Amino acid sequence: MKSAYELAMERLEKRAPSVALTAEQKAKIAEVDSTFKARIAERELFLKGEISKTQAAGNLEEADLLQKQLTIDIRRLQEEAEAKKEKLRASFSA
């Protein structure tokens with residue numbers, strides 16, 4: 001007898017079959033990940049330096065604004081990366 005989980009997974013597989021990626025396709029997705037991780041790290045390094053400078057100067061409001069900007073930039077870059085990976089995945093199944 002199958003568990004509810006197994007039955008649900010079978011139904012899911014029927015609706016949206018999983019696609020096995022080739023090594024080349026996985027490498028392309030990994031390249032996107034790597035590129036965006038580097039861009040995020042670069043942005044963090046720059047803005048954290050700016051935050052430290054403004055805190056040392058006693059300007060806490062500007063430091064807070066820079067921290068919010070960092071959060072927004074990281075989220076935007078992560079969303080860009082996911083969109084790019086989804087576009088790649090869609091091209092693989094086409």
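Quick check for you: with a 1.4 Å probe and neighbouring chains kept, what is the accessible area per residue of the chain, in Å²? Write out the running numbers ahead of the final one.
Numbers: 7430 Å² over 94 residues.
With the other protein chains kept in place, the chain gives 79 Å² per residue.
Report, in degrees rounded to the nearest 10, the 0 to 90 angle that the Cα long axis of helix 4-15 makes with the longest principal axis of the chain. That helix lies at roughly 90 degrees to the long axis. In order along segment 67-74, the Karplus-derived 3J(HN,Hα) couplings, from 6.51 cos²θ - 1.76 cosθ + 1.60 at θ = phi - 60°, round to 5, 5, 4, 4, 4, 5, 4, 5 Hz, and Gly and Pro are given as x.
Hey, for a label at SER91 modelled as a point 7 Å past Cα toward Cβ, could you say which residues of segment 26-49 have their backbone N under 16 Å away? Once the point is set 7 Å along Cα→Cβ of SER91, 26-36 turn out to lie under 16 Å by backbone N, inside segment 26-49.
Taking the protein heavy atoms of the chain in the context of the full set of protein chains, the accessible area attributed to carbon and sulfur is 56 percent at 1.4 Å. Accessible surface of SER3, taken over heavy atoms with a 1.4 Å probe and every protein chain present, rounds to 50 Å². Site pair GLU6 and GLU24 shows an inter-label distance of 3.8 nm when each label is modelled 7 Å from Cα along Cα→Cβ. With the charge dipole of the chain set up from +1 on Lys and Arg Cβ and -1 on Asp and Glu Cβ about the Cα centre, the Cα lying farthest toward the positive end among the listed residues ALA8, GLY49, ILE74 is that of ALA8.
With n ≥ 4 as the cut-off for DSSP H runs, can you work out [θ] at 222 nm for the chain, using -39500 (n - 2.57) per run divided by the number of residues, rounded to the nearest 500?
Details: 3 runs with 80 residues, N = 94.
After summing the helix terms and dividing by the residues of the chain, the value is -30500 deg cm²/dmol.
The slack in the chain from ARG39 to LEU65, taken as 0.36 nm per residue of separation less the alpha-carbon distance, amounts to 7.3 nm. Calculated from the alpha-carbon coordinates, the chain shows an Rg and a Dmax of 20.7, 68 Å respectively.
The values are calculated or read from the model by the stated rules, or taken from the named source; none is laboratory data. For clarity, every value in this text was computed on a predicted model and none was experimentally measured. Don't worry about glycine lacking a Cβ; one is built from the backbone with ideal geometry, like all the others, and counts go over all protein chains shown. Heads up: the accessible areas ignore ligands, DNA and RNA and are worked out on the full protein's heavy atoms, side chains in. Shrake-Rupley method; radii C 1.70, N 1.55, O 1.52, S 1.80 Å.
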